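What follows is a set of notes on a single structure, which appears directly below.
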Amino acid sequence: MTLNLRYDQGRVRKYHYFLLLSLIQKYKRISRSQLAKLTKMSNTGVGKIVRNLIADELVIEVGQTGGEVGRRATLLEINPTGSFIIGVELDINGIQIAIVTLTGDVIRKKQFPFAADQEPYMLLDQLGQEIEALLKQMDSNINKKIIAIGISIPGLITWPDGRALRVPQFHWENIDIKGYLEKKLDFIIYVDNHVRTVLLAESLYGSMKDYNDSVCIYIGSGVGGAAMLNGEMLRGHRNTLGEIGHMIVDPNGAMCDCGRLGCLQTFVCSSELEKQAQLPIQEIFAAFNRKEDWAKRLINRAQSYLGLAISNVICIYNPEAVLIAGPMIQEFPSLVQDIETEVNKYIWAPLNHSFHIVYPEIGRDSGVIGASALVLNEFLRFSNDEV
Ligand SMILES: [Zn+2]
């Protein structure tokens, strides 16, 4: 895999260069001697590479700290304006495009509506034009520092070739998003399922920063999941790892939109609850908050199955933290009010209380920031590929 870096390619594609960059990203502020200690490199070796990182404007020197034996050491930090990433969120409620810094800040954003009846490649044409128009408005200084484009989309996406095999919400099948857009735009493009981008964004910039072993459970109009072990995103053979919404939890349960009975999402996600109650989700939760029996039964059952699913996921991946995210959680936090108790009710005893339940920190821009995190993550893990 190669990155379309607009730097001196020969120099930047070196293992230690990305290794130090990823450590500076991870520790936020770190000195040269701490880097040398962590990597077991010599101080001179670290000094040389840091000089290159600073010359390439990816790293800056900030403040000083008391070093060991009273010596003061200069601290290094990622240069937020050294490079930029274009983050794109494709969502049924609208398409967002943003220019995002390496520290996860959005500096420019635009959006256009998703037209459900639009032919997929026509929509990608429009997306390409919108990106080009946004770039034209930007200062050329920023323009030339853009390293790649990340796209977040719900559905089954192949990796690394970025083909949308199935996006039920859009009625898309087998759409070559990456290949098509790369021909139109002069950038490398990364495309992945939105749940993975949510977990990546929180891991790089948000509430999951301190956890190397983590899973994400995402609840919206469906249920999805993602897992990272040792800081690496797990994808599985077909990049579908974490699709827990279609785990059958009751073979005699309700019919799922996948054609089978009793998938997890038939108990938990908004569209299924609406189908079963014949009411909009807002009204279901309003009745639940009024403690109406039928709504309590429905939501308590959802909580119970969610607790069961999370405890099973913990059994498989043994994460330190479980990120619970998605529109259902944002809009109806009462769905997960006692989720930890619920999980501990089902979990295998040795794993009792072995995990933290964590909620997202990144707000409404999480889609585009997540898409940019997908690029940054590939950029940083480059050091692993080069070993
Ligand atoms: Zn299903």
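The values are calculated or read from the model by the stated rules, or taken from the named source; none is laboratory data. This is a predicted model, so every value here is computed, not measured. FYI the Cβ positions are ideal-geometry reconstructions off the backbone, even for glycines, and counts take in every protein chain you see. Protein only, heavy atoms only, side chains kept; ligands, DNA and RNA dropped before computing areas. Shrake-Rupley method; radii C 1.70, N 1.55, O 1.52, S 1.80 Å.
Which whole-number percent gives the relative contact order of the stretch 116-239, counting Cα pairs below 8 Å spaced six or more residues apart? Present the calculation step by step, with values, prior to reporting the outcome.
Details: 166 pairs, mean separation 25.0, N = 124.
Reported relative contact order: 20 percent.
If one computes the Cα centroid of the stretch 78-96 and of the stretch 350-378, what distance in Å separates the two points?
The stretch 78-96 and the stretch 350-378 have Cα centres spaced 16 Å from each other.
Given an 8 Å cut-off on Cα distances and at least 6 residues of separation, report the relative contact order of the stretch 25-84 as a percent.
38
Sorting R72, R108, R196 by accessible area (1.4 Å probe), largest first, what list results?
Details: R72 155, R108 90, R196 5 Å².
Ranked list, largest accessible area first: R72, R108, R196.
Got a sec to turn the phi values of the stretch 335-341 into Karplus ³J(HN,Hα) couplings, 6.51 cos²θ - 1.76 cosθ + 1.60 with θ = phi - 60°, whole Hz, x for Gly and Pro?
With the stated coefficients, the stretch 335-341 comes to 4, 10, 4, 10, 5, 5, 4 Hz.
Report the net charge of residues surrounding D210, where surrounding means a beta-carbon distance below 13 angstrom and charges are Lys +1, Arg +1, Asp -1, Glu -1.
Numbers: positive: K26, K28, K209; negative: E202, D213, E320, E361.
Charge balance near D210 sits at -1.
Give me a comma-separated list of calculated 3J(HN,Hα) values for the stretch 266-277, in order, Karplus coefficients 6.51, -1.76, 1.60 applied at θ = phi - 60°, integers in Hz, x for any Gly or Pro.
My calculation for the stretch 266-277 gives 5, 9, 10, 7, 4, 4, 6, 4, 5, 4, 6, 8 Hz in order.
Rolling a 1.4 Å sphere over the protein heavy atoms, what is the accessible area per residue of the chain, to the nearest Å²?
46
Using modelled backbone amide H atoms (1.01 Å from N, in-plane), which distant-in-sequence or interchain residues come within less than 5 Å of I30's amide H?
Residues meeting the amide H criterion: L76.
Please compute the net charge surrounding F267, taking Lys and Arg as +1 and Asp and Glu as -1 over other residues with Cβ under 14 Å from its Cβ.
-1
Could you look at the stretch 219-292 and say what percent of its accessible area is carbon and sulfur, using a 1.4 Å probe and all protein chains?
Carbon and sulfur atoms account for 52 percent of the accessible area of the stretch 219-292.
Please report, in cubic angstrom per residue, the volume enclosed by the convex hull of the alpha-carbon atoms of the chain. Please report the intermediate quantities before stating the final value.
Working: hull volume 62.6 nm³, N = 387.
Cα-based convex hull of the chain, divided per residue, equals 162 Å³.
Evaluate the relative contact order of the chain (contact order divided by residue number), counting alpha-carbon pairs under 8 angstrom at least 6 apart; express in whole percent.
So the answer I get is 18 percent.
Compute the angle between helix 15-27 and the longest alpha-carbon principal axis of the chain, please, reported from 0 to 90 degrees and rounded to the nearest 10.
Relative to the chain, helix 15-27 is tipped by roughly 60 degrees.
With a cut-off of at most 15 other beta carbons within 10 Å, and DSSP calling the residue loop, which GluC sites (Glu not before Pro) in the stretch 252-319 qualify? Please list them.
Answer by residue number: E292.
Order 322-333, 29-40 from most to least packed using the mean count of other Cβ atoms within 10 Å.
322-333, 29-40
Summing +1 for each Lys or Arg and -1 for each Asp or Glu, what net charge is found among the other residues whose Cβ lies under 13 Å from the Cβ of L38?
+4
What ranking do 90-100, 249-259 get when scored by the average of other Cβ atoms within 10 Å per residue, highest first?
90-100, 249-259
Report, by chain and number, residues whose modeled amide H sits under 5 Å from the one on G253, excluding near sequence neighbours (fewer than 5 apart, same chain).
So G253 has HN proximity to G262.
Which aspartates and glutamates, if any, have their Cα less than 12 Å from the Cα of K109, not counting same-chain residues under 8 positions apart?
Cα-Cα hits under 12 Å: E89, E130, D365.
Check which residues have an amide H placed less than 5 Å from I151's amide H, if you skip close sequence neighbours.
Here V88, Y190, V191, D192 satisfy the definition.
Quick one: 3J(HN,Hα) in Hz for the stretch 250-255, Karplus 6.51/-1.76/1.60 with θ = phi - 60°, rounded, Gly and Pro as x.
With coefficients 6.51, -1.76 and 1.60, one gets 8, x, 9, x, 6, 6 Hz.
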